[in-house]
Structure formats: structure tokens, C-alpha cells
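As C-alpha cells, the structure follows; a few thoughts come after it.
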Amino acid sequence: MKRQVLLLISIFCLSSVNGQVSYSIPEEMAKDSLVGNIAQDLGLDVKRLKSGKARIYTGDSAQYIELNRERGVLLIKEKIDREALCRQTTPCALHFQITLENPLELFPVTVEITDINDNAPVFQKEERRFEISESAVIGSKFLLEKAIDPDIELNGLQRYTLKPSDNFVLKLHSQSDGSKKVEMILQKPLDREKQEHISLVLTAEDGGEPQMTGTMQIHVTVLDVNDNAPAFSKSVYKASITENSAIGTLVTKVSASDADKGSNGEVTYVIGNSMDAVSKLFHINSQGDVILEGPIDYEREKHYHIDIEAVDQGGLSDSSKIIIDVIDVNDNSPIVNMISTSGSVPEDSAHKTVIALMSVNDPDSETNGKVHCVINENLPFEIKFTSNNFYSIITNSELDRERASEYNITVTCSDEGVPSLSSSVTLTLQISDVNDNTPVFERSSYEAFIVENNTPGLSIFTVKAIDADWKQNARVSYILEDSSVNGVPVSSYVSVSADSGVIHAVRSFDYEQIKDFHFRVKAQDGGSPPLSSNVTVKILIQDKLQKATDRALFEVGLQNGEIRTIRQVTDKDAVKQRLTVIVEDNGQPSRSATVSVNVAVADSFPEVLSEFTDFTHDKEYNDNLTFYLVLALAVVSFLFITCLVVIISVKIYRWRQSRILYHSNLPVIPYYPPRYSDTLGTGTLQHVYNYEVCRTTDSRKSDCKFGRAGSQNVLIMDPSSTGTMQRIQNEKSILDEPDSPLEHLGEHYGGFILSCYSK
């Protein structure tokens, strides 16, 4: 318990300069032990740690330290074993970063792990046996196995002792890797006859508090006669090997010679420190060839130190050292880690806005580990190196959501090795909308037509504006701007639908009162603040009757297309009237068609026909219609002559009957046929008969008929049109009435005939 208290007291903050904080803690601290007050040392408020979602970023390394945002302190997450973490490397430290968001911030933190004396020196073998010839000369050297203590500095291995020391003494040699070579030196000649077996104890001690030791038993068997020991050609051998070399690769060759003859001169090579992991990676055969036995990785170990020994049959030996340098090859691609990213940024973000932080690391060395990062071309972003293998992605030009609403940013990091290795990571960034676009009308101005006598509420046409923004910022509303027409607010003439832009007529227009007017419509989006634009709309009122010889005489029905007289026809009116009627639909755009109507005013049917022959027809008048009209005239003339003959015959017959009655003795009773009329036309006989000629556009055998008085007028369409001629008339012929006074047919005659030609 006392030891733990002392260790906790030794925790202290080393430095806090320029946002970088360093701590020093001993290894083997218990879980949840305090490392340091990071909020205080960084000069941050605990609230900032919470709001910024502070967290520890360690990359691919294991996380031994955790952050308590509530207290603003660093705590031990799991017990740290310095020897497992760093082996013999000093200093041993954990490097990580504290990251904050809104705004993005990065604080490097270093925690040094100090050593405690928690490991005793250990020999791989509990005992070692030597066979030494009695003829061994004083000063003969015998290499002993080194003890291993994972601790460092004072807590590491400090010294060796050998007891008893009658015949042998210890000699230590410092080596380039910081270790010590342990040799047992013969200081007194051996006498097999006096002492054939010698037992020694080798003790290894560290300098920790309390001190810890390890021991190994040494058994020496004294042999007879072998007075020459092997000798290596070099005290140190140097070699190099490329990482990832195949197993079985020859690393180097060593040699040792023995001046003895026979079996006493035969030399065997062995690797001295068999406890070290190096003994599993390399093997030396009887010829002195050092061969690779396992995989080597430059990123794990850059140098290997191998103790070798040459032993003859008499037990005499010599030692040497092999230093192997591992040559790096470019076998690691850069490791790219996104530390923090922004999912979206507004399109009006400032220049150099940071959108992501990332770290890049390549375990290779020199040029193989030098990394350059780029992003895909033609993007408004750039990558910027910050420090210590950290990069930031920032904007380098203006963003426009209407041009691009999303970016896939690919970061490619390549090293300088040959061949070069690279890694890529893709970041998806959304561009959020800002109301920076004004609604734009499809036209600079609008002009629309509406026929007079329209129904109130009739849709005239539609204005349309488009906003390049998104969602609410692109939602367009249409507003009728206040203005007046002839002193009357324009809102009493038209209205506009806020959502669709459809313009409706509020009232029925009269061409004779107003022929055109204009107003302005505003298109406003739903942004904050809203943006708007205006457009001028001109409405032109059209007569339904487009052209007429005398507009005061005729009118046309708005819905049914009936052409009627609006007053009595007088002698002052022109005998020939030509009307042009336009009809159009309510579609967008509106479609229309026109038809010409020729009207002749006459007192007799032949006169009507003569008047019609004087009308100028269109160039595209169909010759078939002319044929039909001539045929109709011939038939009518034939019927007219036939009627005259019948009337004359009836007259003669009645005259004869009257003569017979006159000469008879019977009383004379006047007889008046039904509907008899005097010459003044005061009787019941109708004064006007309409002769109707009905033709179809696709038949040469259409029937011809006399129509009775009161039958409706007929419109005869141009055969080139696609319309179908309709006939609405009284189906009873004048001959259906047996009492009809046909003799008055030629005396009372008149009416209207309309000839219609479509365009």
C-alpha cells in the first residue's frame, strides 16, 4: 500500500506549451487512477469539453487513457505494462489527441510511462554445464548466458556475481546495444586429479528498490588434454538483410579456427543468447552460415544483435557478435484516418472553412514513408498540411448549391517509394441551401387575350416563375400588385392564384367599354428574407364578333354561337353583310378558329341568289359546292314552274266549275278556301317562305327541300372544312297541306339566306 501511495504522488504534469500537454505516470497504475486535469492544463472550461463532444483520438493504437468530460480529467482505462508496450525503448510514451467540435480543435497530449521495478533478472536456463580441459591456460574465456530484465535504467540489470571465485572470475564487456557480455575467466589452472567437478552460482542483480535477483547453476567438468581454444576471425561481424526476405536466405558467414588436431580441433557454432527472440529468427550451421529462419519486419525491428560462440570438442570456446541491419522496403500503404468531418456546410460558407480533419501515417522509413495527399480535381476544396502528419480539408472557392448540391471528396495519399503505394478515402459533403436566388419569370412580359362577355371567374392564362433555390427557398407565391385601371383598382378586374399563378377574370368585360389594360404580378419566394421579381401583364379584350359590315345590326351568342339581329332591318342597311366570327378555347396557350358569314337581305328568292353570286369567295372555295348550288337552283326552278302549272290548272278547273254553277239553277254560295288572303295580305296566309338548301360536304346526292314559313335559317359550310353541316328545319313540305293556297306563293316571297365559309 505504501508503494502505491508513493507512485501516485509521483504523477506530475511535465509541460503545457502551445496547446500541447505532457504527463508522466508510472506503469502498472490501477484502473480509473488519475492521470491529470486536462481541462485545467489546456485552459478550457469543462462546459467546452461537453459542448465540443471532447474525445480521445489514438488512431490505430490501443487506448489506455480515457477522458472524463464531466470532471475534465484523464483517467487510466486499463493497467499499463511498460515492458509490453515499449520493451527496452526509452522514453516510453503514449501519444494521442484531444479533439473538439463546433469549432473543430485538436490538442496533442503525451503521457510518458515511467518504469517501476516489477521484474527480476531471469536466466533462461537454471543451470549451465561446461567441460574444460585441465590444460586450459589461465585467461581462458567462457561465455555465460546473459540474464534478461525487462526493466530499464536502475530497475534493469546492473551487475553479476560468481561464487565461489577460486578458479574463475567474471568479466563484463559493454556492447553497442547497451547490454553486457558476460565471460567466465580462468584465473587458476585446473587439476582434474584434484577436482574433477566444480559447482558455481552466477547471480544477476538489478538496482531497484527493493533489489531483485536471479541465479543460474554452473557445473564445470574438468577434462584432460585440449590446450587450444577456437578463435573467431573477427570480433564483430556486420551484415544487412532486406525486410520480408524469404525464409532460408543466407545472411552472412562466420568462421573460427582451432589449432588442435583431431576431434579437439573440430568447432561447433551456436547462438549464445537463446532466450532472446532473435534465436528464433536466425540459425547458424556447422559451416558458420547464418540463415534466416523467420519473418523480419523493418517496422518492428530495425537492427538485430546476435551473440555467437565457437566451441571445440574439448569444451574450449570463443565468442563474437553479429550486427544485422534490416533494410526497409516500401511494403506499407499510407494509413488515412478521418478524425472529424462536417456532414454539410451552407453554400455561403466563408473562404478557407474547415470541413474535415484527418491524420496520415506511413510506417515505412525515409522516402518510403514520405506521404503527399491530394484531392480529386475540379472541386472547390483543397487539402492543407497542419503538423505532425495531420491534414485539414478546407474550401478554396465559393460554393453554390444550385450548381452542385453534393460533393464526393476523394483524398488520395501516396508515398514516395518505388513503386509508390497509395490509399484513398472518400468524404461525402452536402451543400445546404441559402436563399440567394430571385424567382425568374419565364417571359419578360406577358400578353393575353380574352373575349368580351366572358363569365366571371374565367381562367385567362398562367404566369410562371422559377426559383433555383431548394424547398422553402424555392417555393414561389404570386401576388397582384396594387394599381388602378381607369380609376378602378385592378383587383376588381383580375385576380391571381398565389400558388399556381393562374390569372382569373373577376368581372365580365365589354369590348365597347375597355379594349385593354395592364398590371404587374410579383413572384416572391419563401426564404427569409424573401426575394421577389415583377412582370408586366397586358390583357386585350376581343370582340366576339371580330369583323362586321354593320356592328349595330348583329350579335353572336357567347356560348351557343347563334348569330341574331339586334334590331329591325331597314332600307338604309346594306343589302350585303359580311361577318367574321372568332371562337377560342380556354387552354394554355389558347387555340382559336375563325369563320366568315355572308348575309344577303332581299325580297325574293331569285334576288337572294343573285346577291349571293356577287359575294367574293375565298380562293380555296370548293368547286363541288358550286355544282351543288347550280343543281339546287335548277331543281328549285323546276319545282317553281311545276307549281305554277298546277296553280294555273287549278284556276282553270275552278273557273269551269264556277261557270257550270253559274249556268245552273242552284243558288250561288261563295266558297273561300282555308287561310284565304286578300290581295292586301290581311288574311291568314303567311307572307314569307324560306327556301332551304341542305348539303353535306361528302355527297353529290344531297336532297333539296322547300321549307315552310317559320323554319330556321341554315349555315352552309365550305366543303373544304371538316365540320358537318347540320339541318334543323320543319320537315313538313308546303305540299303537305292540301288546302294551301299555292297561287300566292309567287306573290308573297322573301327571307334571309346565309352562306358560311370557314377559314
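The values are calculated or read from the model by the stated rules, or taken from the named source; none is laboratory data. The shown structure was predicted, so the numbers you read here are calculated from the model rather than taken from an experiment. Glycine also receives a Cβ, built like all others from the backbone with ideal geometry; neighbour counts cover every protein chain displayed. Protein only, heavy atoms only, side chains kept; ligands, DNA and RNA dropped before computing areas. Shrake-Rupley method; radii C 1.70, N 1.55, O 1.52, S 1.80 Å.
Could you state the accessible area per residue of segment 233-386 in Å², with a 1.4 Å probe and every protein chain left in place?
Dividing the accessible area of segment 233-386 by its residue count gives 49 Å².
How many nm separate the modelled label positions at Asn408 and Lys522, each set 7 Å beyond the Cα in the direction of the Cβ?
Between Asn408 and Lys522, the simple spin-label model gives 4.4 nm.
Output the relative contact order of segment 309-448, whole-number percent, from Cα pairs under 8 angstrom with separation of 6+ residues.
26 percent
Express in whole angstrom the spacing between the alpha-carbon centres of segment 100-132 and segment 279-351.
So the two Cα centres are separated by 19 Å.
How long is the gain from Val270 to His372 if the chain were fully straight, where each residue apart is worth 0.36 nm and the alpha carbon distance is subtracted?
Length difference between fully extended and current span is 32.0 nm.
Which residues does a label at Leu154 reach in segment 89-129, if reach means a backbone N under 14 Å from a point 7 Å past the Cα toward the Cβ?
Only 115-118 pass the distance filter.
Report the extension gain between Glu382 and Leu172 in nm, rounded to one decimal, defined as 0.36 nm multiplied by the number of residues separating them, less their alpha carbon distance.
Separation in residues times 0.36 nm, less the Cα-Cα distance, equals 69.6 nm.
Each label point is 7 Å from the Cα along the Cα-to-Cβ direction; what then is the distance between the points at Arg578 and Asp499, in nm?
Calculated label separation equals 5.1 nm.
Nearest 20 debye, what's the magnitude of the dipole of segment 427-497 about its Cα centre given +1 on Lys and Arg Cβ and -1 on Asp and Glu Cβ?
So the dipole magnitude of segment 427-497 works out to roughly 160 debye.
How large is the dipole of segment 271-375 about the Cα centre if only Lys and Arg carry +1 and Asp and Glu carry -1, each at its Cβ, rounded to the nearest 20 debye?
380 debye
Using the Cα centre of segment 90-194 as the reference point, and only Cβ charges (+1 on K/R, -1 on D/E), how large is the resulting charge dipole? Debye, rounded to the nearest 20.
Computed charge dipole of segment 90-194: roughly 820 debye.
Assuming R0 = 35 Å, what is the FRET efficiency of Ile566 and Ser492, from their Cβ-Cβ distance, to the nearest 0.05?
For Ile566 and Ser492, the calculated efficiency is 0.80.
Can you spot the lysines whose alpha carbon is less than 16 Å from Lys576's alpha carbon? Ignore those fewer than 8 places along the same chain.
Candidates past the 8-residue exclusion: Lys547.
First check a/c for segment 194-307, with a ≥ b ≥ c the square roots of the eigenvalues of its C-alpha gyration tensor; if it is under 1.5, answer rounded, and if not, answer prolate when a/b is larger than b/c or oblate otherwise.
Verdict is oblate for segment 194-307.
Over segment 114-176, average the accessible area per residue using a 1.4 Å probe and give it in Å², no decimals.
Value returned for segment 114-176: 52 Å² of accessible area per residue.
Pairs Lys163/Lys234; Lys146/Lys238; Lys180/Lys261; Lys79/Lys321; Lys125/Lys194; Lys141/Lys302: which are spaced more than 26 Å apart, C-alpha to C-alpha?
Table pairs above 26 Å Cα-Cα are Lys163/Lys234; Lys180/Lys261; Lys79/Lys321; Lys125/Lys194; Lys141/Lys302.
Run the simple label-point estimate for Glu512 and Glu127 please: 7 Å along Cα→C-beta, distance reported in nm.
14.1 nm
Pairs of alpha-carbon atoms within less than 8 angstrom and 6+ residues apart define the contacts here; what relative contact order does segment 166-285 have, in percent?
15 percent
What FRET efficiency do you get for Ser255 and His283 if R0 is 25 Å and r is their Cβ-Cβ distance, rounded to the nearest 0.05?
So the FRET efficiency works out to roughly 0.90.
Per-residue counts of other Cβ atoms within 10 Å, averaged by peptide: what ranking do you get for 48-54, 527-533, highest first?
So the order, starting with the most tightly packed, is 48-54, 527-533.
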